[in-house]
1. Can you check what the net charge comes to around B:Ser312, using other residues whose Cβ is under 12 Å from the Cβ of B:Ser312 (Lys, Arg +1; Asp, Glu -1)?
2. Counting Lys and Arg as +1 and Asp and Glu as -1, what is the net charge of the other residues whose Cβ lies under 12 Å from the Cβ of B:Lys356?
3. Treating only the Cα positions of the protein assembly as shown as identical point scatterers, give the base-10 log of I(q)/I(0) from the Debye formula at each q in 0.08, 0.10 Å⁻¹.
4. Please name which of A:Leu152, B:Asn118, A:Val133 has its Cα lying farthest along the dipole of the protein assembly as shown towards the positive end, using unit charges on Cβ (Lys, Arg +1; Asp, Glu -1) and the Cα centre as origin.
5. Pairing the Cα long axis of helix B:185-200 with the longest principal axis of chain B, what angle in degrees results, from 0 to 90 and rounded to the nearest 10?
6. May I ask you to list the residues of segment B:393-434 whose amide nitrogen lies under 20 Å from a point 7 Å from Cα along the Cα→beta-carbon direction of B:Asp241?
7. Given N residues in segment A:2-263, what is its alpha carbon radius of gyration divided by 2.2 N^0.38 Å?
8. With a 1.4 Å probe on protein heavy atoms only, work out how much accessible surface B and A bury together, total over both chains, in Å² to the nearest 100.
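The values are calculated or read from the model by the stated rules, or taken from the named source; none is laboratory data. Given the structure is predicted, the values throughout are model-derived calculations rather than measurements. Counting neighbours? That spans all protein chains shown, and the Cβs are built from the backbone with ideal geometry, glycine included. When the accessible area is computed, the model is the full protein with side chains, heavy atoms only, and any ligands, DNA or RNA have been set aside. Shrake-Rupley method; radii C 1.70, N 1.55, O 1.52, S 1.80 Å.
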Amino acid sequence: MFHNLGRLLRYRGLIQSLVARELKARYRGSVLGFFWSFINPLLLLLVYWFVFSVVLPGIRPIDVQPYALFMFCGLLPWTWFSSSVLEASNALIMGGNLIKKVLFPAEVLPFVTVFANMIHFFLGLPIIAVALVYFEVPINWLDLLWLPVIVLVQLLFTLGLALLVAPLTVHFRDLKDILGNLMTFWFFATPIIYPMSLAPAGGKWLLDLNPFTHLAISYQEVLFYDGPFGHWKWLLALGGASIVLFLAGYFLFDRLRDSFAEEV
Amino acid sequence: MTNSIEVDSVSKVYRRFARRRQFATLKSALLSGSLISDLRPDETFSALQDVSLAVPQGQTIGVIGPNGSGKSTLLKVVAGITKPTSGTVRVNGRISALIELGAGFHPEISGRENVFINGIMLGLSKREVAQKFDEIVEFAQLEDFIDAPVKTYSSGMYMRLGFAVAINVDPDVLLIDEVLAVGDQGFTHKCLDKFAEFRRRGKTILLVTHSLGLVERFCDEAVWLDGGQVKATGDPKRVVDAYLIDVEEDEEQHIASGDAKARDATEAAADEIADPPDMFQATEGRWGSREIEIVEVTFEGEDGEASHVFPSGARMSIRVRVKAEQPVADFVFGIGLFNAEGVCCYGTNTDLEELKSDRMAGEGEVVFTIDTLDLVAGTYKLDVAVHKRDGYPYDYHRLLYTFRVKSRTNDIGIFRPRHRWTFPTNIRFTGPLE
């Protein structure tokens, strides 16, 4: 397994060019092209803002201002996470031609989906930066140093899950549909459109068990709230768990590797 | 000399498709690292059984065999795309597998970008692709279209580009699966030239093909796979001949059973056909009053054995068993040969040949002998008939019997006249192609 893990480094050129291809191909033929990477998260934000400010204004937390910015801090990383996992679940099947007809390292495929979505996430960050300046949110520069750590933890966590989900979907196609619904539920079970403080006392422990809660809170604390970053212990713990998850995911992937060419 | 490819008693077992066992395969894959250990024998299928093969460096090996004999599986196992269920495979050097051309192309992006990504997938670095880029494009003859998205390519362009990339990876071992049927004649020649160049440079080639001529001309050795097992290996000419004989035997059985089926069908429908259908309509059938009945029709070769496959130019006899319950005075025996397109190649009867009928009673055998079957290779059907001089049919068998003519020459047309070439001394040939 570790031998194979080491090979991953050799594939970075391949991963790089496949990610570039993915990004190029996604918007090829559309009028706005690459701008969709900016427009998509903005439009998503607009939808949520519309729901919670116009349709259901009563539900919206009063003490969180500006609410749209708060929501965006969680929504952007969530989009990276959920798109990655959903696409990864389909990645081996979509890449079946490669696995069956070319000598091709299959693990590259889930990596590519996660990295391609990470690029989209990065492209959304300037929007947050502009908004932070516009709303004159005080920025704690020391806190901002934590941002790369948070991104790294999320990357490991997402990769781990992607590596778990991709080979299992090859054997159980049902997983793709289950995941779609699970992700919707997971989104609402994470403090993204509401702050953690608004969670009912009885459900708080449940939210704590949700790994993405700690990522969302970390993003919010670093970007949105002023005051020191107090969630770092949780974040580092999640980082440790993510390493374990990544290794477990890779182990499973490696174990099922030989079955792909036949089952895809 | 070292071996480039060593395949040591390799077996490959596939799972037969069954939804029910989905979980079992996952479980056994997880627990024992094998997909099929949990399956019953009737749920598996052996694509390769105990295949061993050693290919010395620089040799070109042709793999032949009928469809489903495991040729492609062997190639995939050697390429490392699938793992053998048991046995080991060792390959020295960089492999390039031409199994499906352009398998990794993304339709939305340009040919240029696809060349780069495909090259990297096949193990080149970005710089290496850049170096070979012009050569690749020139080989694929796509200079004008290289910046268009691949989805706008014709299938020929697509394959040519895939081939050009794969061949320019500069492999030590080249695996080719029936991909020469890709382009037009010109491109095929270019591919063959490229393979020849590979041979000269001491590369190893494993070629899976149905083109037996290619194996004979091009390969140092041939391997004949059948039902997942190696049936013969060695000198290409010998192996190809052995394979052809086997194919003939199969064909023989196939024609015999096909003819029997057609006759059974007409037998069942015989009562319904009251009026003889249009004589010149090429459909199978049987009709007639049966005052004289054709009981059996068999083909016989030079050796006197019943057969359905004959070499072009050999002797063929058509034996027709006939029976008349009552004595008959007015009768004509006729024969017609038709090719697969329904063209009448030859037809004659005893009336045309001015034989006047006198009397027939009881049973007997009419033999129609063709001394030299001067037809080109192909499948032919036979009309056999007994009728009155005015055409009233006793028993008419239309296209109910099939025979094949085989030939090592791929000449065209229908009839092969006996012929020879004569040349003056200043036009010379080196003899037959190797």
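1. +4
2. On the way: positive: B:Arg359, B:Arg389; negative: B:Asp330, B:Asp351, B:Glu353, B:Glu354, B:Asp358.
Computed value for this residue: -3.
3. The calculated log intensity ratios at q = 0.08, 0.10 Å⁻¹ are -0.83, -1.05.
4. Checked the options; the winner is A:Val133.
5. Helix B:185-200 sits at roughly 60 degrees to that axis.
6. Under cut-off, by backbone N: B:406-410, B:431-434.
7. 1.05
8. Details: alone 23850 and 13600 Å², together 34620 Å².
The buried area between B and A, both sides summed, comes to about 2800 Å².
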